[in-house]
Each structure stands twice: as structure tokens, then as C-alpha cells.
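The values are calculated or read from the model by the stated rules, or taken from the named source; none is laboratory data. The structure presented is a predicted model; accordingly, all values stated were derived computationally and were not measured. When we count neighbours, we look across all protein chains shown, and the Cβ atoms used for this are built from the backbone with ideal geometry, even at glycine.
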Ligand code: NDP
């Protein structure tokens, strides 16, 4: 494989799709050696078949706002790869959504889903509609219109969407209600459902819990534990609150949260009561970050800044892609950070990752760290298929085991001769081998 040639060809075909091209290059660079050692991949043109999605669905989503104005957004579903199972991946509703972002997320999902060892193919979707600032009725009308088109292309054995940025329990409820009405059947097609109608215990907090289980595995290699560590996180959404809750329960001190307009530094750290307070604000669609600083003595709001300037042991980006750049990485390194694990997808820029590697900061990529979310979606699908519900303890045990196994895969393919663990390489190679070998087994399809 010649990475530069493949990337040049891909750039010509998809000019300007910056995030997608970034994600593909990162994977190709880390699997290059193993690919070239196995000529069967070359002869089946596995890479050329893997880097393009199976199909890209784009549709318009007309809806009416509360003032009676007719609005139009774009809806997408990228069905990327189904070698090991039905397409699986979240829906993102945010004004920044475009084809490049959804293709990068769908591509990453291939390797992440394979790492879980569950039979899950890869997809992603969403819209440039942002629920923030919209009424419940507006969000419902939008979700119903979105599903009016999407339902034709999804199903429990073909494509199973879930949540992502801007899509939580409320949106999944409206989407599922419309799907059920159109289909005339309770098929369990979405994950992240409400507990009363097919959802799984632990799913809402699974991405965050899984991330902390993974961090514990990383620390264990260093004969260390999370207890007493200071942690900075960004955002305070679906995944960040699970991270904050589990880390706090395990005795770590989470000292930051953030939003697009700045961050809060709380030297005392989050507590169950503070997390509860933020969840109440979130549930009623209110801003979290500034009100937090006003509510709790000692907490400081830093407008227009990012949490990566705070001195911590562990940094966990939890908000969005490329949210931590080289400059941020230099600040973290300068302050003696020991570990950085992406909970957001592609949370760090390539230059930031180079900075961590150059300074021997232990770094792990989102596709390994945040895989607990999709894994628990897989567990929700299994429970739906069996018409059963596992207890909280059963789901949590399975999640813990899956995160342990993912870590083992990273060690197997990422441990260097000098003992340093290249988690990026480990995760990419493991995921690639599972999917590429499955594609070989099935011929040219
Ligand atoms: P949410 O929408 O629930 O939360 C995102 C959070 O990040 C919000 O607090 C948001 O603030 C904040 N935010 C958004 N943009 C910025 C920015 N530019 N700077 C700082 N903060 C920002 O999304 P999720 O928690 O679901 O997703 C977060 C990340 O985790 C994404 O990368 C997603 O792909 C990834 N992920 C999510 C999974 C899931 O199960 N939901 C599974 C695996 C990965 P505000 O609300 O004020 O905009």
C-alpha cells in the first residue's frame, strides 16, 4: 500500500472532506505494515473497498417551527460497511453536520465496532438541525419528518441507528415513535430507547462508564489506579456525565467541564450533588456551564478558553472532533499530564497526538476508549432479540469485560519492543484485521 497515493486519489474524489480524509489517513498509516505483509488484502483491493462507504443517503427534512414557518434541513445516513453485522452507529443533530463529518464518524465506526467483538457493521447519520434552543414540539416535528424518510432504509437486521451529539433519549423517543407507526411493528430498530419500551439499563451512561473502565486498564499497566487522580473533561453531554459520575465514584477528582463558550474550573472537583444539579439543567434544556460557576463557590468560569490549560493527571476530551490541538497538547505536556484518552470521536488533532507521543504521554484513541457506548447498544439489540431485560449488574459486567477485551486487543497489536503501548496502532490493526478477513471470506461483494 502506498498511503500517499491512496490519499491523493481520495482527495481528488472528495475534495474538501477534511475530517473524513484525516480519519482515513490515520488508519492507513497505522495498518500499512500489516497490510503489506499480507498480499491477500492487496489482491482483493480491501483498502479501496474499505475507505468508501457502501452508500450515502441524503434527503431533505421539511418541518414547521412554532411560529408556523416552514423550515428545511438536510438528513443523512452513511451506510459504511456491513461485513460483520448490520450497519450500526449514531445520529448527530448539530448545525455543523455535513457529509465529511458523518463519513469520518462512519469510517471510525468500522474499527470501533469490530473492537467490541460484537456482530456490528458501521454507519452514521444525522442532520444539520440543532435541537438546542428548539421547543419539544419543534424537536418532535423535526424527528418525525426525519424518520418519514429514513425508515425505508433501516431495520433490526439491516441498519440500527442510535444517539450522538444532539440526540439523546428525547430524540430517540420521537424517532422511534414515528418508525413504529410507519412500520406497524415494535422491531427495536433504534438503540438508546427508554427503559419502558425496550431500552437497556446502563445505556445512557455506557460510553462514559466504558471510557473510565478503559482508563483503569491503561493505568493498571503502569501499576497505578484512578483513585486520587485529577481529571479534566470537556463538554457536559451524554458521554461527559457518565465519565464524571464513574470517575467520581472511583475516587478521582474531575475539575473541569466546558461548553462552546468556555470552561469551568472547580478545584474541589465534581460531586454526585453537582452532577445531579447539571443533569437537572440539561433535562430542562438550560445552559450548564456558566450557571454551574454561579451556583458553586470556588468554581471559576473562563470565557472563550478550553480546559486543557489546567494542570491535571489525566485529560479526557468528551465534546467533539479536533477539540484538542497541538497548542493545547503542549500546555498539557508542560503541566505534566500523564495520560490522555479521547472519549469524543477523533477529539485530538494529529499534531496533538504527535506531541503526546513525542513526550511519552500515554494516549488512547476514541475508537477504543468510547466503544462502550456502541457495545452496550449491541447488548440492547441482544436483549430486544431475546425479548428479555438484563439487570443493571449483568449489563455492567458485560461492559466491563468488553472494555477489558478491547484493551487486550490494543496490547496485542500495539505493544512496541521497548514496552511503549501504541494504542492508536493497536486499535486500528485489531479492528482492521477482523473486518478485512471477514470481507475476504465473503468474496467480492
Ligand atoms: P452531547 O450533545 O450530549 O454533548 C456534547 C457536549 O459538548 C455538550 O455539553 C456541548 O455543549 C459540548 N460541546 C459541543 N461543541 C463544543 C465545543 N466546540 N467546545 C466545547 N464543548 C462543546 O453529545 P455526546 O456526549 O453524545 O457526544 C460527545 C462526543 O462523544 C462526540 O464526539 C460523539 O461522537 C462521541 N460519542 C458519543 C457516544 C454516545 O453514546 N452518545 C458514543 C461514542 C462517542 P452544548 O450543549 O452547550 O453545545
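Only a single criterion out of (1) more than 26 Å from residue 396 (Cβ to Cβ); (2) within 11 Å of the ligand (Cβ to nearest atom); (3) assigned to a strand (DSSP E or B) is not satisfied by residue 264, namely (2). Within the span defined as region 112-128, every residue fails to be farther than 22 Å from residue 181 by Cα, free of Cβ contacts under 8 Å to residues at least 40 places away in the same chain and crowded, with 20+ Cβ neighbours inside 10 Å. Out of the residues in region 239-253 that are touching a strand residue (DSSP E or B) at 6+ places or on another chain (Cβ under 8 Å) and assigned to a helix (DSSP H, G or I), which is farthest from the ligand (Cβ to nearest atom)? It comes out as 248.
With a requirement of 1 or more residues that are within 30 Å of residue 135 (Cβ to Cβ) and not assigned by TED's automatic domain parsing to the domain that holds residue 114, the strands (runs of 3 or more DSSP E) lying completely within region 272-379 that satisfy it span 300-303. In region 380-415, the qualifying residues are those that are over 21 Å from residue 215 (Cβ atoms) and within 16 Å of the ligand (Cβ to nearest atom), and the one that is surrounded by the most Cβ atoms within 10 Å (Cβ to Cβ) is 380.
Residue under question is residue 320, and the condition is that it be near the ligand (Cβ under 9 Å from one of its atoms) and closer than 27 Å to residue 91 by Cα; does it hold? The answer is yes for residue 320.
Residue by residue through region 147-158, note down the ones that are surrounded by fewer than 18 Cβ atoms within 10 Å (Cβ to Cβ), part of a helix (DSSP H, G or I) and in contact (Cβ under 8 Å) with a residue 40 or more places away in the chain. Scanning region 147-158 gives 149, 153. In the set (1) more than 21 Å from the chain's Cα centre (by Cα); (2) surrounded by 15 or more Cβ atoms within 10 Å (Cβ to Cβ); (3) in a loop (DSSP other than H, G, I, E, B), residue 66 fails one condition alone, (2). In region 159-176, of all residues being within 13 Å of the ligand (Cβ to nearest atom) and part of a strand (DSSP E or B), the one that is surrounded by the most Cβ atoms within 10 Å (Cβ to Cβ) corresponds to 161. Considering region 69-95 alone, what residues qualify as being under 17 Å from the mean Cα position of the chain (by Cα) and surrounded by fewer than 21 Cβ atoms within 10 Å (Cβ to Cβ)? Within region 69-95, just 94 meets the criteria. Please determine whether any residue of region 71-85 is touching a helix residue (DSSP H, G or I) at 6+ places or on another chain (Cβ under 6 Å) and without any contact (Cβ under 8 Å) to a residue 40 or more places away in the chain. No, region 71-85 contains no residue that is touching a helix residue (DSSP H, G or I) at 6+ places or on another chain (Cβ under 6 Å) and without any contact (Cβ under 8 Å) to a residue 40 or more places away in the chain. Of the residues making up region 415-445, those that are free of Cβ contacts under 8 Å to residues at least 60 places away in the same chain and in a helix (DSSP H, G or I) are 426, 437, 441. Looking across region 274-289, the residues that are without any contact (Cβ under 8 Å) to a residue 12 or more places away in the chain and either away from the ligand (no atom under 11 Å from the Cβ) or closer than 11 Å to residue 257 by Cβ (or both) come down to 276, 280, 283, 284.
Looking only at residues in region 98-112 that are within 13 Å of the ligand (Cβ to nearest atom) and out of contact with any helix residue (DSSP H, G or I) (no Cβ under 6 Å at 6 or more places or on another chain), which one is farthest from residue 370 (Cα to Cα)? The extreme case among them is 102. All of (1) modelled with pLDDT of 95 or more; (2) on the phi > 0 side of the Ramachandran plot; (3) surrounded by 14 or more Cβ atoms within 10 Å (Cβ to Cβ) hold for residue 327 with one exception: (2).
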